[in-house]
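> Dropping a structure here in structure tokens format, bear with me for questions.
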Amino acid sequence: RAKADGRNSVRLFAPSMERDVLHRRELERELRRALDEGELTVFYQPQFAASGEAVVGFEALVRWNHPTMGLISPGEFIPIAEQTGLVTELDMWVLRQACAQAKGWGNTKIAVNLSPVDFRMRDLAVQIGRILEEEGFPPERLEIEITENLLFGNHQEAFASLASLRAMGMRIALDDFGSGYSSLGYIRRFRVDTIKIDRSFTQNIGRSDDAAAIIDCVVRLARALAINVTAEGVETREQLRYLQSVGCNHVQGFLLASPVPLSSVDRYLELARRPVEPTPQRL
Ligand code: C2E
Ligand code: MG
Ligand code: MG
Ligand code: MG
């Protein structure tokens with residue numbers, strides 16, 4: 001009752017702000033319920049060698065299968081989960097699910113996204129290590145995707161967690177590279193194993209010479225440091241051809257495969273058994 005009164009009075013002064021707060025609260029409560037009642041599900045997007053013929057891994061991407069609204073994309077609820085701290089529980093759930101489901105997929109790499117918020121937890125690496133152990137998933141097959149915004153600002157705790165994860169044998173990918181506060185120093189300092197070129201660059205191939213030049217440059221950089229480079233958001237043959245021509249070694253995008261539910265992963269596992277041609281060293 002008091003709540004309803006309060007709601008009315010606030011709405012009088014700031015209708016849109018009030019609506020946003022309510023919407024967020026409601027989503028937050030719904031998300032809590034979704035986690036508890038098993039409405040979240042994990043999709044998998046295959047990642048390919050540059051030839052487009054062999055699968056080198058799968059990225060786990062969360063989906064919310066809402067009873068009335070249908071499939072909701074993470075872009076809609078991850079930010080809310082981050083504001084409320086629910087994101088860490090969500091990420092640990094996705095990790096566990098991915099490990100359990102992908103355990104039998106041969107030697108295929110699985111990539112899982114972590115939020116910068118997760119790294120506020122001091123024992124993050126310990127928790128992740130425990131999940132892998134409980135699920136019997138080899139750390140060498142797991143790649144942790146982080147965004148450069150995590151690294152911005154020199155967070156000592158994040159450094160420590162990443163070092164522990166690497167020490168356990170996991171790999172680190174720098175996601176959405178070029179979209180945030182990129183610093184070349186991070187790549188060296190964190191010894192990332194993979195750079196994922198943000199899809200905004202990929203999608204400007206053929207439209208912007210600058211985007212093409214930046215991609216060429218990032219690929220050379222990755223090569224010089226002997227790390228993998230994955231282009232995200234590959235949607236056209238032209239983009240793929242360009243990426244191949246500059247020596248990008250991994251590609252991911254709708255042209256090759258969209259994220260699919262567990263039940264559709266099988267057809268890609270066939271491609272995961274294909275040998276991957278060694279990428280030519282350009283330097
Ligand atoms: P991301 O990690 O950069 O994942 C790639 C996103 O691009 C995915 O969107 C994928 O479906 C989409 N995508 C893949 N290929 C193409 C393409 O060719 N064209 C276009 N336009 N898009 C493509 P999705 O699944 O909606 O995820 C969005 C973001 O949500 C992810 O971006 C990631 O940052 C976050 N996310 C997803 N799952 C999780 C999770 O379990 N935990 C956390 N913390 N974040 C997650
Ligand atoms: Mg990612
Ligand atoms: Mg990305
Ligand atoms: Mg992205």
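> Looking at region 171-195, which of its residues are touching a residue at least 40 places away in the same chain (Cβ under 8 Å) and either over 24 Å from GLY247 (Cα atoms) or more than 16 Å from ligand 4 (Cβ to nearest atom) (or both)? Break it down into steps so the answer makes sense when it comes.
Taking region 171-195 first, the residues touching a residue at least 40 places away in the same chain (Cβ under 8 Å) are 171, 173, 175-178, 187, 193-194.
Matches in region 171-195: ARG171, ILE187, ASP193.
> Is it the case that GLY70 is of a type in the set (Gly, Ala, Ser), at pLDDT below 95 and either more than 27 Å from SER179 (Cα to Cα) or near ligand 1 (Cβ under 10 Å from one of its atoms) (or both)?
yes
> Residues in region 164-187 that are modelled with pLDDT of 90 or more, on the phi < 0 side of the Ramachandran plot, within 16 Å of ligand 3 (Cβ to nearest atom) and touching a helix residue (DSSP H, G or I) at 6+ places or on another chain (Cβ under 9 Å): how many?
5
> Please verify whether ARG207 is among the basic types (Lys, Arg), free of Cβ contacts under 8 Å to residues at least 12 places away in the same chain and in a loop (DSSP other than H, G, I, E, B), treating the condition exactly as stated.
Here the answer is yes, as ARG207 does meet what is asked.
> With respect to ARG1, determine if the residue is charged (D, E, K, R), surrounded by 14 or more Cβ atoms within 10 Å (Cβ to Cβ), farther than 30 Å from ALA173 by Cα and at pLDDT below 60.
no
> Kindly list the number of the only condition in (1) modelled with pLDDT under 95; (2) under 24 Å from PRO259 (Cβ atoms); (3) among the basic types (Lys, Arg) that fails for ARG122.
ARG122 satisfies every listed condition except (2).
> Among the β-branched types (Val, Ile, Thr) and in contact with a strand residue (DSSP E or B) (Cβ under 7 Å, 6 or more places away or on another chain): which single residue out of THR88, THR84, THR108 fits that description?
THR108
> Could you please give the count of residues in region 163-221 that are of a type in the set (Gly, Ala, Ser) and within 16 Å of ligand 1 (Cβ to nearest atom)?
We begin by selecting, within region 163-221, every residue of a type in the set (Gly, Ala, Ser); these are 163-164, 167, 169, 173, 178-180, 182-183, 185, 200, 206, 208, 211-213.
Remaining after also requiring within 16 Å of ligand 1 (Cβ to nearest atom): 173, 178-180, 182, 200, 206, 211.
Count: 8.
Each row is one residue, and each column tells you yes or no for (1) surrounded by 16 or more Cβ atoms within 10 Å (Cβ to Cβ); (2) away from ligand 1 (no atom under 12 Å from the Cβ).
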site: TYR242; (1), (2): yes, yes
site: SER245; (1), (2): no, yes
site: LEU255; (1), (2): yes, no
site: SER263; (1), (2): no, yes
site: LEU269; (1), (2): yes, yes
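> Looking at (1) within 16 Å of ligand 3 (Cβ to nearest atom); (2) within 14 Å of LEU243 (Cα to Cα); (3) not acidic (Asp, Glu), find the lone condition where ILE205 falls short.
Answer for ILE205: the failing condition is (1).
> Something else about it: Among the residues that make up region 91-99, is at least one of them assigned to a loop (DSSP other than H, G, I, E, B) and within 27 Å of PRO275 (Cα to Cα)?
Checked against the condition, which is being assigned to a loop (DSSP other than H, G, I, E, B) and within 27 Å of PRO275 (Cα to Cα), region 91-99 yields no hits at all.
> In contact with an Asp or Glu (Cβ under 7 Å, 6 or more places away or on another chain), in a helix (DSSP H, G or I) and more than 21 Å from PHE58 (Cβ to Cβ): is that true of TYR186 in this structure?
Here the answer is yes, as TYR186 does meet what is asked.
> Are any of the residues in region 226-235 touching a residue at least 12 places away in the same chain (Cβ under 8 Å) and part of a helix (DSSP H, G or I)?
no
The values are calculated or read from the model by the stated rules, or taken from the named source; none is laboratory data. Since the structure is predicted, the reported quantities are computational estimates derived from the model, not experimental observations. All Cβ positions, even for glycine, are placed from backbone atoms using ideal geometry, and neighbour counts span all protein chains on display.
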